[in-house]
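Colleague: This is the structure I want to talk about, given as structure tokens.
The values are calculated or read from the model by the stated rules, or taken from the named source; none is laboratory data. Computed from a prediction, not measured in an experiment: that's the story for all the values here. Here the Cβ is made from the backbone with ideal geometry for all residues, glycine too, and neighbour counts use every protein chain on show.
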Amino acid sequence: MNKNGLTITMIFDASSANYGEGIGNISQLKKMTRSGGEVYTYISRQAIRYNIVQQMQIDNTPVDNAQKVVQFSPNTTIKDYPEIDLFGYMKTTKGGQSIRSAVVRLSNAISLEPYKSDTDFLNNMGLAKRSGLENALAQSEIHKSLYSYTITIDLDKIGIDDDIEIENSEKSERIIKLLDTIQFLWRDIRGRRENLNPLFAVGGIYERKNPYFEDRLKLTRNGLDTELIKSVKDSCEDTQSNTIIGYVPGFFSNEDEITSTLSPVNISEMFTKLKEEVRAYYA
């Protein structure tokens, strides 16, 4: 089997990074309930996609609403617009639909620590006092947590769409740019800039296009659950041979256990290695 499935599961630290619809003057975080009744906040894959496309500076694909729906323009191609090469498209015309499935797929970033109903009390007294106006009050849900999400990339489908195929050098460049963006990702939200750089990451280029480590990064009372990660890594020849683990030293409380059990490298070294493998794949 050929190695053509790149997947990385990452952990980052962020605060209140994605809001949904509120109720009255209460701003609500996006949340989900898991077994045991615990509530976890999440950052939607659409929000992460938005930040990636924006920071890659490929958010220039023309759109229109000629068919009464906002969509990518029918004459756009993956050769000219990397956004629809990586994340797919659906174009509706009078003649039917043209669909390209995403070859770069994202999961939601789900908190690893439960939400405990913390809120922030807000007002605009400072502005209101300037003109003797009535003060407005609001509340906003807040949650500081580690989050985990996964990205998977079908390397063999990058730059290929029906009768269009771009040069291998351009395929490689697009994935290198994507990896650089993920390594230094950030998100603007309500006057804050949240750092979404990975503190821990595990993945590689595999024979199976399986997000092996998705939902396998957990926290225990002692820190990161290294035994679960090791059990997944040792589960088959594919993961044993092709997995790279990276981390930022000094963040996790059980760092000695992480280094002895998982033998990680620095995050920057991990991404450098992945980029080398991508270049070799398209060489």
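Colleague: From the list R130, R190, which residue is exposed (fewer than 13 other Cβ atoms within 10 Å of the Cβ), modelled with pLDDT under 95 and within 21 Å of the chain's Cα centre (by Cα)?
Modeller: R190
Colleague: Just for segment 261-283: of the residues that are of a type in the set (F, W, Y) and in contact with a Leu (Cβ under 7 Å, 6 or more places away or on another chain), which one is nearest to G204 (Cα to Cα)?
Modeller: Here the answer is F271.
Colleague: Hey, another quick one. Out of V63, V103, which single residue is surrounded by fewer than 18 Cβ atoms within 10 Å (Cβ to Cβ) and free of Cβ contacts under 8 Å to residues at least 60 places away in the same chain?
Modeller: Among V63, V103, only V63 is surrounded by fewer than 18 Cβ atoms within 10 Å (Cβ to Cβ) and free of Cβ contacts under 8 Å to residues at least 60 places away in the same chain.
Colleague: May I ask you to list the residues in segment 67-100 that are free of Cβ contacts under 8 Å to residues at least 40 places away in the same chain, at negative phi, surrounded by 12 or more Cβ atoms within 10 Å (Cβ to Cβ) and assigned to a loop (DSSP other than H, G, I, E, B)? Steps first, please.
Modeller: Here is the first cut: in segment 67-100, the ones free of Cβ contacts under 8 Å to residues at least 40 places away in the same chain are 67-76, 80-81, 83-84, 87-99.
Right, trim to at negative phi and you get 67, 69-76, 80-81, 83-84, 87, 89-95, 97-99.
Among the residues that remain, those that are also surrounded by 12 or more Cβ atoms within 10 Å (Cβ to Cβ) are: 67, 71-74, 76, 80-81, 83-84, 87, 89-92, 98.
Hits for segment 67-100 are Q67, S73, P74, T76, D80, Y81.
Colleague: How do the helices (runs of 4 or more DSSP H) wholly within segment 176-283 filter down when requiring 2 or more residues that are closer than 20 Å to Y147 by Cα: which remain?
Modeller: It comes to 226-233, 255-262, 267-282.
Colleague: Return the pair list, or none, for Cβ contacts closer than 7 Å from residues in segment 207-227 that are more than 19 Å from F252 (Cα to Cα) to residues that are assigned to a loop (DSSP other than H, G, I, E, B), at least 6 apart or on different chains.
Modeller: Between residues of segment 207-227 that are more than 19 Å from F252 (Cα to Cα) and residues that are assigned to a loop (DSSP other than H, G, I, E, B), the close pairs are E207/M1; E207/N2; E207/K3; E214/S107.
Colleague: Find all pairs meeting these conditions: Cβ atoms under 7 angstrom apart; at least six residues apart or on different chains; first residue within segment 128-143 and farther than 23 Å from K31 by Cα; second residue outside any loop (DSSP other than H, G, I, E, B) and aromatic (F, W, Y).
Modeller: none
Colleague: Still on this model: Out of everything in segment 24-81 that is modelled with pLDDT of 90 or more and of a type in the set (G, A, S), what residue ends up being nearest to G159 (Cα to Cα)?
Modeller: For segment 24-81, the residue satisfying everything is S73.
Colleague: Just one of the numbered conditions (1) among the aliphatic types (A, V, I, L, M); (2) closer than 17 Å to F271 by Cα; (3) out of contact with any strand residue (DSSP E or B) (no Cβ under 8 Å at 6 or more places or on another chain) is not true of I153; which one?
Modeller: So the condition that I153 fails would be (3).
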